[in-house]
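Remarks on the structure that follows.
The values are calculated or read from the model by the stated rules, or taken from the named source; none is laboratory data. These numbers come from a predicted model, not from an experiment. Every residue, glycine as well, gets a Cβ built from its backbone with ideal geometry; the counts of neighbours run over all protein chains shown.
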Amino acid sequence: MPSVVAVVTAYYRAVVARNYRRAFGYLAPGATGPTGHRLTLDAFLQLAHTLDGIGGPVTRFSIGASPPEVVMTLYRARYGPYHTHLQMTRTRHGWAISSLDRI
């Protein structure tokens, strides 16, 4: 069963690669986004592309994990470093992201 750090690392590797469909696969069913609303694939893709348009794509990341919360430091070309918070939940397959405040 993958650890919290392994799941979040895989998620952000997909984000850095701009493979947002793969990244979406690391979200728990019913996961919520920055507005607190449930993220569908379409909503997630729209959010990812909007943030890329505003701040540029995520270029690298670092992790601070204290399950069930993970604090990420992300780097975008136009923003520089910023933090995002992910809540994790256990599923029958391991860990999944249940909410995030930014991509």
Looking only at region 1-58, count how many residues are under 14 Å from the mean Cα position of the chain (by Cα), under 20 Å from Ala77 (Cβ atoms) and among the small types (Gly, Ala, Ser).
4
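Residues in region 65-77 that are modelled with pLDDT of 90 or more and farther than 13 Å from Tyr12 by Cβ: how many? Break it down stepwise before answering.
Let us first name the residues in region 65-77 that are modelled with pLDDT of 90 or more, namely 69-76.
Now drop any that are not farther than 13 Å from Tyr12 by Cβ, which leaves 69.
Result for region 65-77: 1.
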